[in-house]
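Heads up: the structure comes next, in structure tokens.
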Amino acid sequence: MRQGGTDAVHDERLALRKRRPSLVDAACEHIRASILSGAHWPGSQLPTEAEFVDVLGVSRTVVREAVARLAAAGLVEARQGKGLFVSETARYQAFQITREEVENLSDVIQLLELRLSVETEMAALAAERRSEVDVMSMRQQLKILGEAAIGLDDSVKADVEFHNVIARASKNSYYAKLIDFLGVRLVPPRSLYLRQGQSYVGARYKAVISEEHEAILDAIIRRDPDAARVAARSHMSSSLKRHRDLQDFMSSHSPTG
């Protein structure tokens, strides 16, 4: 009886530990959104802890943890004897896409939509500014992609690196940073979903990808920005279509589909 009671308490504590992060996450998101939307401007005072408890319907502990997390991120600051204030630099926080935000194939598709316009102009700049070393690096990644025995994970990574090389070839550091950032977010979920739909994306998929990449590389080699722009847009548009088709395919083959 005693052992059973101990186990029950232990299970309850574990359940509380599992629930608390989601409450803290929700509280963080509520406060962060109110700041970034302009409801609370940089330098303005935030509601009190008690007010947050009342509005959010959570405990003081949850509010404190959420505030501590936002303070660590530089969004809020506590002023001794005055209360909690929005940081003066809050509106200049770095753009972020968290791992938790890229949870399903629809999120991947949204990121690809973002990349479509970015990759189009980036390829055009790469065609104008690329070096021979850049071209060699692109060829190397396409060689990896063309290897018959390459695994899915390595294939996705080589694909991402090919686009990273194009970004670096643009000689615009912001393109390089953005594409690298998006690639880090895309690799894990893309690998997962492509693996689940592997019967759908087989040899034909690799052949089509190869043709599209070769068209981009050819335009960059010829230093033809217009052709590079067209080839990159065609590739990204096709990639979007493939992922949307994959989404439909997986939905139709799911146990509940």
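All of 240, 186 fail the test of being modelled with pLDDT under 70, hydrophobic (A, V, I, L, M, F, W, C) and in a helix (DSSP H, G or I), apart from 186.
Among the criteria (1) at pLDDT 95 or above; (2) surrounded by fewer than 14 Cβ atoms within 10 Å (Cβ to Cβ); (3) within 17 Å of residue 111 (Cα to Cα); (4) of a type in the set (D, E, K, R), the one residue 177 does not fulfil is (1). The set of residues from region 20-52 being closer than 17 Å to residue 88 by Cβ, hydroxyl-bearing (Ser, Thr, Tyr) and surrounded by fewer than 14 Cβ atoms within 10 Å (Cβ to Cβ) comprises just one member, 44. Figure legend. Inter-residue proximity from region 225-241: first residues closer than 21 Å to residue 107 by Cα, second residues open to solvent by 60 Å² or more (accessible area, probe 1.4 Å), beta-carbon distance below 7 Å, spacing 6+ or different chains. Indicated pairs: 240/113.
How many residues are at pLDDT below 95, open to solvent by less than 60 Å² (accessible area, probe 1.4 Å) and assigned to a loop (DSSP other than H, G, I, E, B) if we restrict to region 113-163? So the count comes out to 2.
Regarding region 17-33, can at least one residue be identified that is under 28 Å from the mean Cα position of the chain (by Cα), of a type in the set (Ser, Thr, Tyr) and modelled with pLDDT of 50 or more? Yes, that holds for at least one residue.
Within region 85-112, the set of residues being part of a helix (DSSP H, G or I) and either modelled with pLDDT of 90 or more or open to solvent by less than 70 Å² (accessible area, probe 1.4 Å) (or both) comprises 90, 105, 106, 107, 108, 109, 111, 112. Considering each residue of region 35-54 in turn, at least one proves to be within 17 Å of residue 86 (Cβ to Cβ), touching a strand residue (DSSP E or B) at 6+ places or on another chain (Cβ under 8 Å), modelled with pLDDT under 90 and assigned to a helix (DSSP H, G or I).
The values are calculated or read from the model by the stated rules, or taken from the named source; none is laboratory data. Worth saying up front: this structure is predicted, and the values here are computed from it rather than measured. Virtual Cβ from ideal backbone geometry, glycine too; neighbours counted across all protein chains shown. Heads up: the accessible areas ignore ligands, DNA and RNA and are worked out on the full protein's heavy atoms, side chains in. Shrake-Rupley method; radii C 1.70, N 1.55, O 1.52, S 1.80 Å.
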